[in-house]
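Below is one structure; the comments refer to it alone.
The values are calculated or read from the model by the stated rules, or taken from the named source; none is laboratory data. Because the structure is a prediction, the values reported are computed rather than measured. Cβ atoms come from the backbone with ideal geometry, glycine included; neighbour counts cover every protein chain shown. Surface areas here come from the heavy atoms of the whole protein model, side chains and all, with no ligands, DNA or RNA. Shrake-Rupley method; radii C 1.70, N 1.55, O 1.52, S 1.80 Å.
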Amino acid sequence: MFRKIRIFLEMIKIEHTLFALPFAFMGAILGSMVVNDTFPTWMQIMWVLLAMVGARSAAFGLNRMIDQAIDGKNPRTAMRAIPAGLLKNGEVVIFIVVSFVLLFWASSNLNVLSMQLLPIAVFMLVLYSYTKRFTWLCHVVLGMTIGLAPLGGWVAVTGTMDWTAIVLYVTIVFWTAGFDIIYACQDLEFDQEEGLHSIPSRFGLIKSLNIAKFFHVITAIGFLALLLMTDLSWWYGAGMLITYGILFYEHYIVSPNDMSRVQTAFFTMNSVLSLVVFTFTLIDLAVK
């Protein structure tokens, strides 16, 4: 049983929770302070956490199911649980259904707007896994999906959506799209051979890295806009200086001539970035 649990956790890349979960909590806390001038309750935080677990688990399960044939051909992904025969399709389907039930249950305990927007979230979770088959904008679609984490956190505790929430959403969209382009550079040749769509397979390595840089410039502008649009102050500003340094370093260690540190740029740097942004936002709001 424990071996099977470990395989499921590996399938959904539980460690990658560090990308989206801190921003979901940031959305919830910042939204509650902007709209309600108070921190969200522990119960609200719990339902946000459960909704995130359900959404993320369903998304990864769907992605692994839909992409199993492609993953089996790619040397980098051939040992993933489904193509390697470690999990059966029926087991993954049950896992996906349970994950969606958890998402629906958590959303129903939040507010009406959360439930009304739920079909959009489910549609995006399903859509992303198909996009590489027909558009090189798949990275932006992934960003639009992961960006629902902070936007969902905001809506979950406020029952509303305003321009600040939208700016936060767009910021995370382009942050995610940028680092996903860097990650996709690993599969440039495979995607071209298989007729799969991505920015690297469409534009080549050099242009793709430049597009990723441009997307992260938009991210940096978005974080600055949040400072100007809210009561966030110097603590958040200090966190942003660190964040900008992380974004710069992420692109510094990856170049067309040296792609050996893609995993560091993709996982380590972006995990640290999300934790830094959340931590300094939390401190800023807590000391007011």
**Item:** Charge-dipole axis of region 1-142 as Lys and Arg at +1 and Asp and Glu at -1 on Cβ define it, positive-most pick from 35, 74, 129
**Value:** 74
**Prompt:** Size of the dipole of the chain about the Cα centre, Lys and Arg at +1 and Asp and Glu at -1 on the beta carbon, nothing else charged, in debye to 20?
**Reply:** 520
**Item:** HN-Hα J in Hz across region 67-78 - Karplus 6.51, -1.76, 1.60, θ = phi - 60°, x for Gly and Pro
**Value:** 9, 4, 5, 5, 4, x, 8, 8, x, 5, 10, 4
**Fill in**
Ignoring ligands and nucleic acids, residue 132 exposes an accessible area, probe 1.4 Å, in Å² to the nearest 10, of 50
**Asked** Treating the beta-carbon of each Lys and Arg as +1 and of each Asp and Glu as -1, no other charges, what is the dipole magnitude of region 1-91 about its Cα centre, to the nearest 20 debye?
**Response** 480
**Request:** Using percent of Cα pairs over 32 Å apart as the read-out, say which of (1) 28; (2) 24; (3) 48 was calculated from these coordinates.
**Result:** (2)
**Asked** If the cut-off is 28 Å between C-alpha atoms, which lysines fall inside it for residue 207, apart from same-chain ones fewer than 8 positions away?
**Response** 73, 132
**Request:** Determine ³J(HN,Hα), in whole Hz, for all residues of region 240-249 in sequence, where each value follows from phi through the Karplus function 6.51 cos²θ - 1.76 cosθ + 1.60 and θ = phi - 60°; x replaces Gly and Pro.
**Result:** 5, 4, 5, 4, 5, x, 5, 4, 4, 5
**Item:** Whole-Hz couplings from phi, Karplus 6.51/-1.76/1.60, listed for region 44-55; x for Gly and Pro
**Value:** 4, 4, 4, 5, 4, 4, 5, 4, 5, 4, x, 5
**Tensor-based shape of region 81-158 (alpha-carbon gyration tensor, a/c under 1.5 rounded, otherwise prolate or oblate)** = oblate
**Fill in**
Projecting the Cα atoms of 209, 222, 287 onto the charge dipole of region 162-288, where Lys and Arg contribute +1 and Asp and Glu -1 at Cβ, the residue farthest towards the positive end is 287
